[in-house]
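Bear in mind that the values in this text are calculations on the coordinates, not laboratory data. None of these values were measured; they are calculated from a predicted model. Because the Cβ atoms are built from the backbone with ideal geometry, glycine has one as well, and the counts that use them run over all protein chains shown.
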């Protein structure tokens with residue numbers, strides 16, 4: 001199961017409280033609340049991936065800049081008026097036009113959960129493929145043997161294949 005790191009980014013205490021109530025009612029936990037662009041950036045740096053439910057702009061920075069820097073790792077659900085939301089590319093963010101209904105937020109989160117899982121799977125596959133390439137290059141493994149090696153190490157150690165792949169990459173990068 002994929003861990004969906006959910007970050008809430010709103011300056012207003014009232015809006016944060018409303019969002020938290022909606023999430024709690026639907027059994028969805030969140031990881032942190034950010035009131036400024038700087039704190040949202042810091043949270044993005046802390047987590048490798050996740051879902052950001054936020055407003056269109058903060059007092060210290062427009063959300064647009066943060067989206068440009070982190071859209072490859074995070075799914076953005078941005079709530080705001082239609083004029084400000086039109087600045088965003090539909091392929092990068094999910095837009096929720098105010099006033100927004102509770103069901104719209106939950107439906108958008110469901111879609112974001114799916115997309116986040118897909119992104120994580122894709123990144124993990126790239127890491128595993130890189131580890132297999134290193135094994136093939138340095139140990140004359142075939143791709144099948146490299147795959148079996150990672151799987152066996154995973155079973156023997158009780159670690160996930162992605163963790164074994166990261167260790168393999170680290171080992172060969174140190175050489």
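Could you work out how much longer the chain between residue 48 and residue 98 gets when fully extended? Use 0.36 nm per residue separation minus the Cα distance between them, nm to one decimal.
15.1 nm
Would you mind calculating the gained length between residue 68 and residue 81 on full extension (0.36 nm times residue separation, minus the Cα-Cα distance), in nm to one decimal?
Contour length minus Cα-Cα distance gives 2.7 nm.
If the elastic network links every pair of Cα atoms under 10 Å, which of 43, 12, 57 fluctuates the most in the Gaussian network model of the chain?
Taking springs between Cα atoms under 10 Å, the residue moving most is 12.
Defining a contact as two alpha carbons under 8 Å apart and six or more residues distant in sequence, what relative contact order in percent does segment 6-100 show?
Relative contact order comes out at 25 percent.
Using only helices, what value at 222 nm comes out for the chain when you add -39,500 (n - 2.57) per DSSP H run of length 4 or more and divide by the total residues, to the nearest 500 deg cm²/dmol?
About -19000 deg cm²/dmol.
For the chain, modelled as a Gaussian network with Cα springs under 10 Å, which listed residue fluctuates most, 114, 149, 47?
Looking only at 114, 149, 47, the largest GNM fluctuation is found for 149.
What does DSSP give for the chain in terms of the percent of beta bridges that are antiparallel, rounded to the nearest 5?
So the antiparallel bridges in the chain amount to around 5 percent.
Could you please tell me the mean projected area of the C-alpha convex hull for the chain, averaged over all directions and given in square nanometres to one decimal?
With the hull built on Cα positions only, its mean projection is 12.0 nm².
With the radius of gyration and the Kirkwood radius both derived from the Cα set of segment 115-175, what is their ratio Rg to Rh?
0.99
Compute the label zone of residue 60 within segment 3-30: residues whose backbone N is under 13 Å from the point 7 Å along Cα-to-Cβ.
The answer is 11, whose backbone nitrogens lie closer than 13 Å to the label point.
State whether segment 1-56 is rounded, prolate or oblate according to the following rule on the C-alpha gyration tensor (a ≥ b ≥ c being the square roots of its eigenvalues): a/c under 1.5 gives rounded; otherwise a/b larger than b/c gives prolate, and the remaining case gives oblate.
Cα axes put segment 1-56 in the oblate bin.
For segment 30-96, what is the convex hull (Cα atoms) projected area averaged across all directions, in square nanometres?
4.1 nm²
Using the count of nearby Cβ atoms within 10 Å as a rough guide to exposure, how do 135, 40 rank from fewest to most?
135, 40
Using label points projected 7 Å from each Cα along Cα→Cβ, tell me how many nm separate residue 145 and residue 36, to one decimal.
5.6 nm
Normalising by the residue count of the chain, find the relative contact order in percent from Cα pairs under 8 Å and 6+ residues apart.
Averaging sequence separation for qualifying contacts and normalising by length gives 16 percent for the chain.
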